[in-house]
Structure formats: C-alpha cells, structure tokens
1. From Ile38, Ile50, Ile12, Ile6, grab the single residue that is open to solvent by 50 Å² or more (accessible area, probe 1.4 Å) and either part of a strand (DSSP E or B) or of a type outside the set (D, E, K, R) (or both).
2. Does segment 63-98 hold any residues that are surrounded by 15 or more Cβ atoms within 10 Å (Cβ to Cβ) and small (Gly, Ala, Ser), and which are they?
3. Across segment 53-97, what is the total count of residues that are part of a strand (DSSP E or B), within 22 Å of Gln2 (Cα to Cα), in contact with a helix residue (DSSP H, G or I) (Cβ under 9 Å, 6 or more places away or on another chain) and not small (Gly, Ala, Ser)?
4. Residue under question is Ala145, and the condition is that it be open to solvent by less than 50 Å² (accessible area, probe 1.4 Å), modelled with pLDDT of 90 or more and touching a helix residue (DSSP H, G or I) at 6+ places or on another chain (Cβ under 7 Å); does it hold?
5. If I filter segment 127-139 down to residues being open to solvent by less than 70 Å² (accessible area, probe 1.4 Å) and at pLDDT 90 or above, which single residue comes out as nearest to the chain's Cα centre (by Cα)?
6. Could you list, in sequence order, the residues of segment 179-215 that are touching a residue at least 12 places away in the same chain (Cβ under 8 Å), out of contact with any Leu (no Cβ under 9 Å at 6 or more places or on another chain), over 19 Å from Ala165 (Cβ atoms) and aliphatic (A, V, I, L, M)?
7. Could you tell me which of the residues Gly151, Gly184 is under 23 Å from the mean Cα position of the chain (by Cα) and at positive phi?
8. Quick test for you: out of Arg172, Arg179, Arg196, Arg124, pick the one residue that is buried (at least 16 other Cβ atoms within 10 Å of the Cβ) and basic (Lys, Arg).
Amino acid sequence: QQLRAICDRSPIELGEGITGAVAQSGESTLVNSGASEIAARAAPAYHAFIERYPTYAMMVAPLRTRDRITGTVTVSRVRANETYAAADLGVLDMLAERAASAIENARLHRDNVIARGHAERLYRFANAAASADKLEDVLKAALDAIEGMLGTDRAAVLLLDDTGAMRFRAWRRLSDEYRCAVDGHSPWPRDAAAPRPVLVEDIDSDPAMQPYLAALRAEQIR
C-alpha cells in the first residue's frame, strides 16, 4: 500500500530509476548488487521507502505490445541472502510477454465495450431528438448522453438568447449561485463560423477563468 501511495503521488518518469530505464530502453535488467546500489539507482521518491525496507535483488522486464513498450513488470528479493540468476530473467521475460498480450487484449475489449456504449447512447439521443415534441425533451436526452458518455455527474446546456449571450436552459447538480455567476458568458462570439471546443485543464492557470475563479472554486470545479 505504501508503494502504491508513492506511485500515485510521484509517478516514475521515462528513464527515471531502474524501471523507468527499462521502459525507455526496452531491455530487461537484473540487479544483484545489493540494497545500496538498488537504493542509489531508484527514483528519488522511493529512496526513503527502500532505505526502510531494503531490496537486495531486482529484475525488471518491459511489457511490449506491437513493438511498443506499454509498461514494466518488476520482481524483487527482500532478504540479503537471496538473489536472481540469468535463467530467472529469461523466465520473467516470457511472463512479461504473455502479460503484455493479455493486458492489450483486455484493453481492446474495454475499448470495444466503451465504443459500443457510446454508439448506443448517441443512437438513443438522436432517436429522442428526432421524436421529441418539446425542446425540453431534447435537452434532457442531451444531458443523459453527456453524463453517460463522459461519466460526469454535473452538466449543462446553454443556448444563445436574442442579445447573443449564453443562457442556461438545462442543467444537473449545478447550484443557483454558480449559474448566476457565470450566466451570460460565452467563449465564442455569436457569429463564429467554426468555433472550436474549449478545454480548461486547470482553472487556476487559465487566464480566461480568472474573473470566475471564486464561483468555480465554490462549485468545486477544477
């Protein structure tokens, strides 16, 4: 659990530490030289952990799929009198090859399931929009599709009014205070010929978001 927590906080960069070097080179590595060298070669974020829980031998093999490295598999010895042999590295290479294939197959299956789910939601939205008698029914179907495809629990549809301002027409789980604070804001002019989607990865670093920071933070939008 501690290792997983460290990895979540400080993901290993390509070329960093022993595993990062294997991911970059694609060459398996066997290290039998003891805890001090393994600690010295480890990524900085892992130094304290390895000093507390010494690793005396380590093998790392790349996970390779279609001439592409997708990750690594690592095994280690935590007792001073235990090591690995070259034959062990050969076995790990074979296991890594099969593991990479299984992971890739699982990813392909997952992607197919997701794509099929998206297609079904788009079909339901198109069908609902075509058969709707009221605009509210179309907006509800749109929000259903957005939430289902993006896995989000908050969404909104805004429409231009006669003055060219964006107004909320349908929403889910957005507060009255937030909607009042940003109502009327539009990232595109009314006459935009080919408006491009807007992605805000971090509200704190995006200049366009600065006038709305208080409202965004209060709504826990990042």
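The values are calculated or read from the model by the stated rules, or taken from the named source; none is laboratory data. Everything numeric in this text was worked out from a predicted model, so none of it was measured. Positions of Cβ are generated from backbone atoms using ideal geometry, with glycine treated the same way; all protein chains shown enter the neighbour counts. Just so you know, the surface numbers come from the protein's heavy atoms only, side chains and all, with ligands and any DNA or RNA stripped out. Shrake-Rupley method; radii C 1.70, N 1.55, O 1.52, S 1.80 Å.
1. On inspection, the qualifying residue turns out to be Ile12.
2. Gly71, Ser76, Ala96
3. The number of residues fulfilling the criteria is 7.
4. yes
5. Going through the qualifying residues, I end up with Leu139.
6. Selection gives Ala214 alone.
7. The match here is Gly151.
8. Criteria check complete, one pass: Arg179.
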